[in-house]
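A short write-up of the structure that comes next.
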Amino acid sequence: MKKDYEVIIIGGGPAGLSAGLYTSRARLSSLLIEKMGVGGQIADAERVDNYPGFPEGISGFELGQLMHQQATKYELETLLAEVTGIELQEGRKVVQTTEGNFTAKAVIIASGSERRKLGIPGEEEFTGKGISYCATCDAPFFKEKPVVMVGGGNAAITEALYLTKFASKVTVIHRRDQLRASPILQEKAFSEPKIEFLWNTVIEEIEGENVVQRIRLRNLLTGEKLDLDVSGVFVAIGLKPDTDYLKGVLPLDAAGYIIANDRMETAIPGIFAAGDIRRNSARQAITAAGDGATAAIYAEKFVTE
Ligand code: NAP
């Protein structure tokens with residue numbers, strides 16, 4: 001495998017794959033580095049109904065595979081590795097990874113964000129033993145079992161609806177008394193007989209022997225405590241950017257997102273940010289793809305000029 005490229009793209013979600021499509025079609029030698037598998041977060045979505053061009057909807061996994069297929073057609077190279085750092089060296093960027101160092105003139109960072117954790121006792125202990133951050137991946141393990149979904153956003157409600165295909169009952173636990181999810185999802189959830197809601201409520205502790213068996217809840221308005229027997233705890237309480245490795249390299253905002261302008265340029269010439277990792281991203285697959293294309297267009301200008 002080559003070690004030196006014109007462009008290195010970090011992250012294989014819609015932003016990174018679109019960037020790769022554009023840089024490889026511009027005939028720039030391009031390497032895309034992905035930690036887990038192509039598709040990014042969209043690969044976990046059972047169904048995507050808001051990506052233009054697919055009037056019947058498409059599975060998120062398939063959408064990611066198609067994007068990758070399209071980008072690699074133009075000779076984008078893909079490496080499965082974790083990026084651990086970026087170092088600046090006279091006109092080049094050194095991208096450090098678990099598979100060695102690679103250099104490029106321009107780098108497009110599109111490594112997205114990861115699910116936020118609850119940060120409560122029992123969460124770490126039972127992750128993978130009843131606690132899950134991906135309903136599409138793990139719902140089949142909870143056939144005819146009672147589960148809860150924590151969160152009130154689009155992700156929580158989409159996944160709660162999916163869980164009803166498997167679980168005996170899905171209780172949505174939300175810290176307020178109004179959902180953040182879009183009206184269309186709310187309508188679906190409110191008319192789904194298997195979904196119940198616990199409003200103004202948080203989980204304080206997750207308990208069990210080897211696997212999740214019960215959760216301890218607290219009502220935020222009344223202070224009332226309640227124990228609930230459940231087999232599964234699904235968590236969808238938002239995202240946080242995966243930018244720890246960029247601290248000290250690039251300016252980040254207080255929440256850790258990369259600050260970039262409307263050309264996706266960061267404070268460092270030749271380093272671009274695209275998709276969910278960028279401050280003020282709309283966090284949709286389609287906007288991430290747009291960011292990726294924009295970043296690639298200006299990366300091409302940077303490399304060739
Ligand atoms: P989100 O929209 O930020 O919603 C997070 C939810 O979790 C909110 O309801 C929030 O409560 C709650 N929450 C946050 N921290 C919490 C904590 N510590 N304890 C308990 N609850 C907590 O995140 P998301 O649903 O993951 O979505 C992320 C982005 O992806 C959004 O832009 C969303 O639109 C997009 N997305 C879109 C689709 C779609 O278009 N179909 C599907 C999935 C995701 P509050 O409401 O009180 O803040």
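Summary of computed values
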{"read-out": "Which numbered condition VAL94 fails, given (1) free of Cβ contacts under 8 Å to residues at least 12 places away in the same chain; (2) away from the ligand (no atom under 16 Å from the Cβ); (3) part of a loop (DSSP other than H, G, I, E, B)", "value": "(3)"}
{"read-out": "Breaking point among (1) within 14 Å of the ligand (Cβ to nearest atom); (2) under 20 Å from VAL170 (Cβ atoms); (3) more than 24 Å from the chain's Cα centre (by Cα), for LEU221", "value": "(2)"}
{"read-out": "Residue in the stretch 63-80 that is aromatic (Phe, Trp, Tyr), away from the ligand (no atom under 15 Å from the Cβ) and in contact with a Ser or Thr (Cβ under 6 Å, 6 or more places away or on another chain) present", "value": "yes"}
{"read-out": "Subset of the stretch 51-69 that is part of a loop (DSSP other than H, G, I, E, B) and open to solvent by 100 Å² or more (accessible area, probe 1.4 Å) - its residue that is farthest from LEU21 (Cα to Cα)", "value": "GLU56"}
{"read-out": "Of all residues making up the stretch 118-141, the number that are in contact with a helix residue (DSSP H, G or I) (Cβ under 8 Å, 6 or more places away or on another chain) and open to solvent by 20 Å² or more (accessible area, probe 1.4 Å)", "value": "2"}
{"read-out": "Scan of the stretch 263-291 for residues that are assigned to a helix (DSSP H, G or I), of a type in the set (Val, Ile, Thr) and open to solvent by less than 10 Å² (accessible area, probe 1.4 Å), ordered by number", "value": "ILE277"}
{"read-out": "Answer from ILE131, ILE109 - the residue that is at pLDDT 95 or above, over 27 Å from ILE271 (Cβ atoms) and touching a Phe, Trp or Tyr at 6+ places or on another chain (Cβ under 9 Å)", "value": "ILE131"}
{"read-out": "First in the stretch 165-191 and without any contact (Cβ under 8 Å) to a residue 24 or more places away in the chain, second anywhere and surrounded by fewer than 21 Cβ atoms within 10 Å (Cβ to Cβ) and of a type outside the set (Val, Ile, Thr), Cβ under 7 Å, 6 or more apart", "value": "ASP177/TRP199; ASP177/ASN200"}
{"read-out": "Filtered residues of the stretch 98-117 (kept if surrounded by fewer than 19 Cβ atoms within 10 Å (Cβ to Cβ) and either in contact with a Gly (Cβ under 9 Å, 6 or more places away or on another chain) or in contact (Cβ under 8 Å) with a residue 40 or more places away in the chain (or both))", "value": "GLY100, ASN101, THR103, GLU114, ARG115, ARG116, LYS117"}
{"read-out": "Odd one out for ILE173 among (1) open to solvent by less than 10 Å² (accessible area, probe 1.4 Å); (2) of a type outside the set (Phe, Trp, Tyr); (3) away from the ligand (no atom under 11 Å from the Cβ)", "value": "(3)"}
{"read-out": "From the options GLY112, GLY100, residue that is in contact with a helix residue (DSSP H, G or I) (Cβ under 6 Å, 6 or more places away or on another chain) and within 30 Å of TYR22 (Cα to Cα)", "value": "GLY112"}
{"read-out": "Only one of THR84, THR78 that is among the hydroxyl-bearing types (Ser, Thr, Tyr), outside any helix (DSSP H, G or I) and closer than 20 Å to PRO241 by Cα", "value": "THR84"}
{"read-out": "Subset of the stretch 132-162 (residues that are away from the ligand (no atom under 11 Å from the Cβ) and part of a loop (DSSP other than H, G, I, E, B))", "value": "CYS134, LYS143, GLU144, LYS145"}
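The values are calculated or read from the model by the stated rules, or taken from the named source; none is laboratory data. Computed from a predicted model, the values in this text were never measured in an experiment. Don't worry about glycine lacking a Cβ; one is built from the backbone with ideal geometry, like all the others, and counts go over all protein chains shown. For the accessible areas, the whole protein counts, side chains as well, though only heavy atoms, and no ligand, DNA or RNA atoms are used. Shrake-Rupley method; radii C 1.70, N 1.55, O 1.52, S 1.80 Å.
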